[in-house]
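Everything below concerns the one structure shown next.
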Amino acid sequence: MSTKPTASPAAPSAGTLPAATVTPMGWMHTARFLTTAAQLHHLPPIDVPEIAFVGRSNAGKSTCINTLTQQKQLAFASKKPGRTQHINLFALGKQGVTDAVLADLPGYGYAAVPKQDKIRWQRVMANYLVTRENLRGIVLLCDPRLGLTELDEVLLDVIRPRVQEGLKFLILLTKADKLTRVEGAKALSIARLQAGGGEAKLFSALKKQGVDDVAQLLWDWSHSDPLLSPSETETVNDEPPGED
Ligand SMILES: Nc1nc2c(ncn2[C@@H]2O[C@H](COP(=O)(O)OP(=O)(O)OP(=O)(O)O)[C@@H](O)[C@H]2O)c(=O)[nH]1
Ligand SMILES: [Mg+2]
């Protein structure tokens, strides 16, 4: 459990708890199942920030959501790739007040999936990433032992324009417990380059590595003003330049 004080007291939206009363980990723990959809047009329009977890099948998306929310079976995790076949939404915010949503997306790249299903899903995913209006951030999960695959690169190309427009982006290197320190550091420096305007972090559900950091980041994403670019935020916070 994080003991860090909550950062980003930025403009809370209606229904948001006062920042001082929650920690990012406490906030994550409020997650509950909201809805599931096999097709994009079945997803309800939502007016709070949404954060999507995307990546190869078996990368650890569902396990990551369960770890962050400190709930064993909120998202379906499985040894069998291809377990998540719908877009599953989870609501965040205490006492029935939703102030953000997590989306667990079906993994891609699982060889045993029929080609037609693969193509259909790539289309749904691309449409989701391009058209979902309340999408605030994307967490791309990647097993660093495999690195970013061709399909990850396709996805990066799809989202790059939105990242340049201010969409938040994190490459999360999962299963870090399988790496040595040196391997982890190397994978992280490569991912940082690949993330472009986004960030990269190491994560292990098994060792609970990176959990507090990611919870804090998702809190910050969800409670920041989307209309301010990072440079504008700095300008707002800066003291006016003094005269020499
Ligand atoms: N060692 C280790 N194994 C992990 C970690 N995270 C996930 N796994 C394992 O990886 C496998 C896949 O995890 P899931 O969370 O189901 O993966 P997913 O990305 O949701 O997969 P799809 O639903 O098929 O897209 C499971 O056997 C998990 O136990 C981790 O941090 N460390
Ligand atoms: Mg899954």
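The values are calculated or read from the model by the stated rules, or taken from the named source; none is laboratory data. These figures come from a predicted structure and were not determined experimentally. Cβ placement follows ideal geometry from the backbone for every residue including glycine, while neighbour counts extend to all protein chains displayed.
Points to keep in mind about this one:
- Entry remark, region 53-72: residues being within 12 Å of ligand 2 (Cβ to nearest atom) and either of a type outside the set (Val, Ile, Thr) or in contact with a helix residue (DSSP H, G or I) (Cβ under 7 Å, 6 or more places away or on another chain) (or both) number 12 in total.
- Beta carbons closer than 6 Å, at least 6 apart along the sequence or on distinct chains, pair a first residue in region 161-183 that is farther than 21 Å from residue 56 by Cα with a second that is of a type in the set (Ser, Thr, Tyr) and loosely packed, with under 15 Cβ neighbours inside 10 Å for 166/229.
- Selection over region 135-180 of residues that are over 26 Å from residue 224 (Cβ atoms) and among the basic types (Lys, Arg) gives a count of 3.
- Screening 36, 23 for residues that are more than 27 Å from residue 162 (Cβ to Cβ) and either modelled with pLDDT of 95 or more or of a type in the set (Ser, Thr, Tyr) (or both) leaves exactly one candidate, 23.
- Close Cβ contacts (under 9 Å, 6 or more residues apart or on different chains) running from residues in region 65-78 that are under 13 Å from residue 102 (Cβ atoms) to residues that are of a type in the set (S, T, N, Q) and near ligand 1 (Cβ under 8 Å from one of its atoms) comprise 67/204; 74/62; 74/66; 75/62; 75/63; 75/66; 75/84.
- For region 18-49, a residue qualifies if it is within 22 Å of residue 205 (Cβ to Cβ) and touching a Lys or Arg at 6+ places or on another chain (Cβ under 7 Å), and the qualifying residues are 23, 30.
- Just so you know, in region 73-98 the residues that are of a type in the set (Gly, Ala, Ser) and touching a helix residue (DSSP H, G or I) at 6+ places or on another chain (Cβ under 9 Å) include one that is nearest to residue 112 (Cα to Cα), and it is 78.
- Looking only at residues in region 46-82 that are outside any loop (DSSP other than H, G, I, E, B) and farther than 15 Å from residue 31 by Cβ, the one that is farthest from ligand 1 (Cβ to nearest atom) is 54.
- Flag for residue 98 being among the β-branched types (Val, Ile, Thr) and either under 15 Å from the mean Cα position of the chain (by Cα) or within 12 Å of ligand 1 (Cβ to nearest atom) (or both): no
- Members of region 36-54 that are touching a Phe, Trp or Tyr at 6+ places or on another chain (Cβ under 9 Å) and of a type in the set (S, T, N, Q): none
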